[in-house]
Structure formats: structure tokens, C-alpha cells
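S.K.: Sending over a structure as C-alpha cells; questions will come in a sec.
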């Protein structure tokens, strides 16, 4: 007898790092620099307690929080989200409209539904090379193809994007291209931040190829880590910086505005944001802003998924934003991550061999380490195995590359997270990893 | 220029009752007997406040609640769910295994993911005729066909199910049939409860046709309203009961066990449950229990949707279940709905013409009213329009029927909810509706 599973049900692969996490749990002494978890110590336990107590103190505020809401999400939270984004974007008059905003179960759910709304099996997404691996998992599950665009420290390589679009046009595949997916702030996994100039140029390039595609090509901007900046964002860094020469970067003073602020954005930019990473990952509230007709399609899909994100969480976030507790919490988280990133930076300088190139982020949760070409840090490599034996875990960079047969997947990189590990564990973990690298690199 | 939307994105229709809800909001004096909302007054405001305060009082319990969890859901909540179901099922040793349980964003998300895992476009789901309309929306969106099985007051008509399976076998379509979907307790929309005998017989019938299908055919049991029983469940009711002769039903003393307790269930029954309806609809926590290989497929899909339901909500439910607060809350809700159902029963007896057949549920949130054949209560009917003009809203029964060209959709029925309306509004609403019916029926 055959399986009753659908093609999707049969095809969907296990998550790239589920076995990593299982492995981590089975070795109690293992130091995980792999997980994208946030820091336990800074979670807003007291703030959440206070705000929930306020919400549930009276039936007047408590009952609506415990009742169904609307599919798009709480009106008040959508309004607060719009003004919050406007503030982050420096007051730009832009496409931040509550009526094009949808509240979702983390931004992950938003990404999933957006791909459902846009892509048929066989369609093509353009992605950064490397990119967020759970996004790649959605593509894999849904039979959506992907093409990688070279990533630099200030965003994608525009010449490569243009060459790619031109090639897709010539091969007749451009009509299958639906969007370019960019993780624009302290990217997972590299920590790279995309400049506004690059967003502008990318949007323009996509527009240029729309006629040949026969339909709009969207810029899908994922800003998950946006608020977790803790240092001035490193500006254009085309030159390589080694583990021992990382401090000479020029810097700007704030994160760049979103693509929503660009001309033409209202029709072509889809923005994915979240409150989970900056506030609390156990409070899964994300959001998306979309132009029509994608907004209506995603809203209808959301109606079928769950007809609305849990109201209690939405009321908690709305109150946190309105009271200022949210800003206070994010400021605290930033300070904490800045300290932990500094600990990691120092440990890397001390323990990693000079041949390893480090991409040091000005925010987010990750450092990106590149070994010299030809030395593998992949899942089956000696380095990864030796690291495990020495009780330290990282995410092999190869897991973050799309399945794109037009290039070989680089396997000489590592995502190293300082999000969840303690300062002590960061120091010990990096020392262990450094010792392994010195042995093999 | 064409749209960039996927086939799914283009196809997905607006939710069946979104315009009803909008309509309701635009007429402040309108009494809605349409919404499936639960009762505001019984929502567990005080209990939630107490439990959340306990959880967030110390970092030790607060931090895990505000951190990411696992994709399958909190181990403790899955264990409590298993023992809770075992208790409801009268201690049966059964397929209630935490390792086959997944916690989801309401049972709606679980239904969505299960359909993703099982059905390709063009596949067939067997459904009750009528059935839960948001389930039909998922089918519509995903291009899944449906065939209706006649519904009686104690569950589907088994002879009809067999005839249908036989017909599908002969037409060669049986290989597209993946599951039979039954809302087994106080069904939405009819209030019907399926007997265990019917579940057993249905499971056996499905099994019988598997060889011809070439793959397993699952029984998907949706028990959303299971815990909201407030009266002994009406037993076999093949005879019609009119609005004026509703009180002579024989009754059993508790809800029937789930299909999970049946022989063969471990391999073929998929169970959808929820804590949202009985506890709080603003706390969206549902769950599913599935056999392999569907469990693994759904788990991977959940990984792509959101890699886990908000932990804070899961911790709240786990604590409510463990402390007994959950049981206490459900008992309170039952009492309240029993009272409101009684108010509606009396109002119906007083105001509805005798020709209207009422299916009175022993639980859930709905009564089902059937007008004599030939009298339409559908969306475009004089009755529905007159009801709106008189500021009372119900759900036209035709919205709850699958698109199945082998029969005409009945349009002479109404779903009338006592869930959200106040007792006074139930009385006034039913009086208004009765006056309309007397005019047209």
C-alpha cells in the first residue's frame, strides 16, 4: 500500500538544524553557539507580569484579550506598529499603513503565507547567498526553486543580481520569478546589513525586469533583527577584515530605513517584521505589510490558517508599545547583546587563527566566520566532528545556502551565535572552537 | 501585466461569513446570533491573571514561558493533554500518546496543516453534509474536492457513506480520497453528536475501501466542542422533533469516547482538539494526535509555519490543567451555556412557527433550524433580508454545505448561536426571527 501523504507531505524535509538541537540536548556539557535563541536573562519577565496583570485586572480590558479578534489583528496594535516603524524609519512618510498590516504568529508565519500567496511549485525566489535557512525550508517543502545572489557585507552584489535577472530573462524563466528575499538587518546568518542605496537599486532592477516577467516582482524585506542593533552599523566593508583587524571599520550612526520608504515601495515592497526577537520569543507576534493584491490574498490565507493570532499576546504587545515598556525592554536587550558580542569579539581575537575572516555584526545574534577556501567546516567535515567531540556546536554555513545548481555551495563557513550562551560559555566555546581550528586550518 | 499571485493566492475566496461579521459591526443595534464567539462574561479573566502571575513571578518559571520552545509543543502540556483525554474517554487505554501529539495555534491551524500533509489539489475529502464552513474554506483554497455524507442527529448516515465509497470506487476516484472529516461533538453547525457505534462503523468502512484506494484512508475527528456539553447528550434521534416536541428525547449521561479508543485507531485516526473554545478563544492553543507517517509530516510543516506555538500560552494552559483551574473554568462555562441554551429553547418554542424543525444540541454553541423544504433562508432569500432589516443575524445553512455537484445544496436551514449573545438578546433576537419566519414560512 502506498502512502496517503500529499506531494508536499512526502517532500517536506526535516528542518536543517533539528538534529543539531537534538544533539545539543543529548550532551549536557555541550556549549551551543548554534541556536538562534535569545538571551534568557534579559527576557521581560517582570514587564510581562506587570502588563498582563493590568490587562486582566478588569473584565473591561481582560475580556477582549481573552476573546477572538479579527483575522488581520488588533486595530490598535496595527496602528502602534505603523507609528513604531515610522519612528524607526526616521519619520519618513511611507507605506506603513495599518490597513495594509497583518499581525501573525511570528514573522515566520507571515513568510509562509506570503510564499503561499505568491508561489506555485516551480516558481523561483531570488535569495541572498547565504540566507535564513528556515526560509529555504519553506521553499524546499513547497517545491519553489531558488537562485542565490552573492552577499556582501553591505547587502547583495547588485551586478550579480542584474546578471542573474538577465540570464533568467534569456532562459525564459523570468516569468517564474516572484520576488527577491532580503534579510536586511544583521542578517541571519552573516550579520550583514543592507544599505538603503542597495535596496533602492535592487527595487529598481526588479522593476526593470517586470515587463519581461509579465507580472510584478516583489522585494520581500525581512527585518527580523532590525531592532537588535547595539553598535553603529558597519558601513561599506568591501575589504576583508581578519579576526585580528576587525576594529578599523568606518561606521554610520543608525540602521538604514526600510525599503518601505523608497519611491514605488507602496506597490512592490512586502515587509516582514517581528516583536518576538526584540521582546520575547515565547510571545510569538510578528507582522507583515503588503501591497494589494498580495495583502488580500494573505489575509484570506490567514483566515484559513487560524483566523487571527492569539489576542492575549496582541494585547500584551500593544500595551508594551503604548506604555514605553517595549522600548525599555529593547534597550536592555541591546545593551546585553552588545556586551556578549564584545565578549565574543575578544575571544575570537584571542583564540581563532588569523586566517579566519570574521564578519562582525553591529546587531542581531550572530557572527559569521569564513575559513580559507578549501577547508571545510560542513556537517561531515573533520572540523565539525572535532568541535562536537570537544563539546562545542556551531551552525555549518553550508546549511544556509539555497539549492542552486549554478554554483557549488560554499562549505567553509560557520554561524556562531552569542544570543543564548552565557558570557562564560561564549569564552570557553570560542576557545574550544579556536583550538579545533588551529589543529585543522 | 498579469498578477504575480500563485494559483492558490488567486483562488482563495473570502471567508464565507466575513461579510456577515462586517455587516454586524456596521449595524450597532443588530443582534448577532451568527458568530461562533464564546461568551464574554464567562471568560477566565481572574484565573488567567492568577496563573500568569504565578508563571511570571520568578525567572525560573517566567523565562522558559517567554523563550522559544519546541516545534511539537511543551512536553508537559502534551502529557497533560494525553491524560486529560484519557479522563474524558473514561480511562480507555488508547492512542493518546504525547509522542504523537502536536500543540498548534488553535485546532484550526492543525486542520490546515493536516490537509497540507494529506491532500494534493484534486484530492477528495469526505465531509459531513453540512459541516464546519472554515474547513470548507481550506478545501476551496487548496483546490481539494469534497463529497458530502448525509448527516443525522447521531452522526453520518452510514448507508450513504458506503454508497458514496462504492460510487467513488467504480468511478476510479477512490484513489483520490484521503480522509473522512467528522465534527463529532455538538457539531458546528447542527449540534449533532456522533455515537461511538457510528465512529466504529465508519472506521471499518474506510478500512474496507483502502485496498481499492491503494493507500490509507484516515478518519479525521474534530472534537472542538467536546468539552462544552451541558446536558446529557441526546441519543439516537432518527425521528424528527419539531420546535414544539423537542423534550421527549432519550438521553445518555456523558459524551461518547473518541474514535481514538477504537481498535485500529492508532494507525488511522487523526484527532483535532482545542483548549480555545472551552477555556478562552483569545488563548489560541489547540492540538492534534496523529499516526505516522502523518505525524512527522505535520511536524515538519509546523516547523515551516512557525516552529512552535507561543510558549507563554502553552505554559498558561499547562498550569491551568495541572492546577484544576481549567476544569473549574469549563464547568462554569458549561453551566452558563446550559442556561443560555435553555433561554433559546424557550424563546424558540414561543416564537418560532411549528413547521420549523429544531435540532437542539446538548452542548456546543449552536441550534440548527430547518424550515419546510421549498422555503429558503439562504443569503439571497426574503427571510434573510427581512431578518437583517429587523436587526437580527443568523448563519444561512447553505454556507455550511460542501461544493458537491451530486446534490443540490439545501438552502432552508439556519445556524443560530447562543454563544456570544446575552440572554436578553437571545430572547429579543429569536422573537424578531420568529416574527419574520411567521411572515414568510
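Values quoted throughout were computed directly from the atomic coordinates according to the rules given, and no laboratory measurement underlies them. Model, not experiment: these values are computed from the prediction. A quick note on method: Cβ atoms are made from the backbone with ideal geometry, for glycine too, and the neighbour counts reach across all protein chains shown.
S.K.: Measuring nothing but label to label, 7 Å from Cα along Cα→Cβ, what are residue A:197's distances to the other copies in nm, shortest first?
M.R.: Residue A:197 label point versus its equivalents elsewhere: 8.0 nm.
S.K.: Here's something else I'd like to know. Taking the alpha-carbon centroid of each part, what is the distance from region A:289-304 to region A:129-157 in angstrom?
M.R.: 23 Å
S.K.: Place the label 7 angstrom along Cα→C-beta at residue A:75 and in each other copy, then list the distances from the first to the rest in nm, shortest first.
M.R.: 4.5
S.K.: Evaluate the Debye formula for region B:1-88 with equal point scatterers sitting on the alpha carbons, no solvent, and hand back log10 of I(q)/I(0) at q = 0.10, 0.14, 0.18 Å⁻¹, in q order, two decimals.
M.R.: Each listed q corresponds, in turn, to -0.64, -0.97, -0.99.
S.K.: Please give the average number of partner chain Cβ atoms lying within 10 Å of the Cβ of each residue in A:308-315, rounded to a whole number.
M.R.: Taking all residues of A:308-315 together, the mean is 6.
S.K.: Now, a different point. Subtracting the Cα-Cα distance from 0.36 nm times the residue separation, let me have the gained length for residue B:296 to residue B:440 in nm, one decimal.
M.R.: 46.5 nm
S.K.: Once you wrap a convex hull around the alpha carbon atoms of region B:68-328, what is its projected area averaged over all directions, in nm²? The partial results should precede the final answer.
M.R.: Details: hull surface 55.0 nm².
In nm², the orientation-averaged hull projection of region B:68-328 is 13.7.
S.K.: Report, as an integer, the average count of C-beta atoms from other chains found within 10 Å of each Cβ along B:280-290.
M.R.: 5
S.K.: Would you list the P(r) distribution for the protein assembly as shown, with all Cα-Cα distances sorted into 20 Å bins from 0 and each bin expressed as a whole %?
M.R.: 15, 46, 31, 7, 0
S.K.: Let me ask another. Can you tell me the order of B:380-388, A:35-43, B:362-370, B:285-293 when each peptide is scored by its average per-residue count of other Cβ atoms within 10 angstrom, highest first?
M.R.: In descending order of packing, they fall as B:362-370, B:285-293, A:35-43, B:380-388.
S.K.: Return, for the Cα atoms of region A:149-204, the radius of gyration and Dmax in Å, separated by a comma.
M.R.: Expressed in Å, the Cα Rg and Dmax of region A:149-204 come to 11.9, 34.
S.K.: Which order do peptides B:256-264, B:110-118 fall in by mean Cβ count within 10 Å, highest first?
M.R.: Ranked by mean Cβ neighbours within 10 Å, highest first: B:110-118, B:256-264.
S.K.: Hey, another quick one. Kirkwood-based Rg over Rh for region B:251-376 (C-alpha set), two decimals?
M.R.: Value, to two decimals: 1.07.
S.K.: Within 10 Å of each residue's Cβ, count the other Cβ atoms and sort A:355, A:119 from fewest upward.
M.R.: Ranking A:355, A:119 by Cβ neighbours within 10 Å, fewest first, gives A:355, A:119.
S.K.: Considering every residue in B:381-393, what mean count of other chain Cβ atoms within 10 Å of its Cβ is obtained?
M.R.: 0
S.K.: Here is a follow-up. Quick one: divide the alpha-carbon radius of gyration of chain B by 2.2 N^0.38 Å and tell me what you get.
M.R.: In units of the 2.2 N^0.38 Å rule of thumb, it is 0.97.
S.K.: Still on this structure, I have one more. Mind listing the label-point distances from residue A:87 to the same position on all other copies, shortest first, one decimal in nm, points 7 Å along Cα→Cβ?
M.R.: 4.4
S.K.: Moving to a separate point now. Tell me, how many Å apart are the Cα centres for region A:14-68 and for region B:388-441?
M.R.: Region A:14-68 and region B:388-441 have Cα centres spaced 43 Å from each other.
S.K.: Run the numbers for residue A:23 and residue A:54: contour at 0.36 nm per residue of separation, minus the present Cα-Cα distance, in nm. Intermediate results must be reported in sequence, preceding the final value.
M.R.: Numbers: separation 31, 0.36 × 31 = 11.16 nm, distance 4.10 nm.
Length gained between residue A:23 and residue A:54: 7.1 nm.
S.K.: Among B:128-139, B:79-90, B:310-321, how do they line up from the highest to the lowest mean number of other beta-carbon atoms within 10 Å?
M.R.: In decreasing order of mean packing, B:128-139, B:79-90, B:310-321 become B:310-321, B:128-139, B:79-90.
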